[in-house]
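Report on the structure given below.
None of the figures in this text is laboratory data; all of them are computed from the coordinates on show. Note that the structure is predicted; figures quoted are calculated from it, not measured. Here the Cβ positions follow ideal geometry from the backbone for every residue, glycine too, while neighbour counts run over all protein chains shown.
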Amino acid sequence: MGYTNDTNMKQFIPPVACAKTAGTWTPTVTSDVISDVRTATAATFKVFIPLNPPSSSAFREGSQIASVDIWYNIGTADFTDFANVTVEQQTLTADGSAVTAAAYTTVTIDANHATAALRKVQGNHKMTVTFTGGLWITDKNPLYINLDCSAAATSTFSFLGAQINYTDRN
């Protein structure tokens, strides 16, 4: 049997596949572009992006995430804050044991989005979260990217989705 080591795999995560908190969210199509649009109101909210390429319990098989690209638009007014972009790694446990989670900290964010001041301004954004050295996805450790946002009263937010860039090895 052959061996696959494709270093150029991509998986798009549509906006409707992500969880969002606080506010009114409307799936929208404008000029053939699909997004989830949050109605303007002053509030803190979160967007949870699941990272679920194929996984394996075998050592160094399955998917190794290199980076994740995230597309969004802030309109009308800058956010008051876009404090954190974190990666949360859960550990799924046996029956009777609590599921746990911890922040995965060996990531960097591209220079155009490295600070809250850069992330929170009006405009179209493509933010890239890079996993230093890559991260192998295992069968009991799902990952999520957590965006912590604080909108001003007139700030609109359109979430357009994300793309996982990874190596497939099997």
Open item on the list: For the condition surrounded by 15 or more Cβ atoms within 10 Å (Cβ to Cβ), among the charged types (D, E, K, R) and part of a loop (DSSP other than H, G, I, E, B), what is the one hit in Asp78, Asp95, Asp69?
Closed with: Asp78
- [ ] Taking Asp148 as the residue in question, decide whether it is part of a strand (DSSP E or B), in contact (Cβ under 8 Å) with a residue 40 or more places away in the chain and in contact with a Ser or Thr (Cβ under 9 Å, 6 or more places away or on another chain).
- [x] yes
Open item on the list: Between Asp95, Asp110, Asp168, which is of a type in the set (Asp, Glu) and either touching a Gly at 6+ places or on another chain (Cβ under 6 Å) or farther than 25 Å from Met9 by Cα (or both)?
Closed with: Asp95
Open item on the list: For region 125-141, which positions are in a strand (DSSP E or B), surrounded by 14 or more Cβ atoms within 10 Å (Cβ to Cβ) and of a type in the set (Ser, Thr, Tyr)?
Closed with: Thr128, Thr130
Open item on the list: Looking only at region 76-131, count every residue that is touching a Lys or Arg at 6+ places or on another chain (Cβ under 6 Å), more than 24 Å from Gln64 (Cβ to Cβ) and among the hydrophobic types (A, V, I, L, M, F, W, C) and tell me the total.
Closed with: 2
- [ ] Report whether or not Thr167 is in a loop (DSSP other than H, G, I, E, B) and either under 16 Å from the mean Cα position of the chain (by Cα) or surrounded by 16 or more Cβ atoms within 10 Å (Cβ to Cβ) (or both).
- [x] no
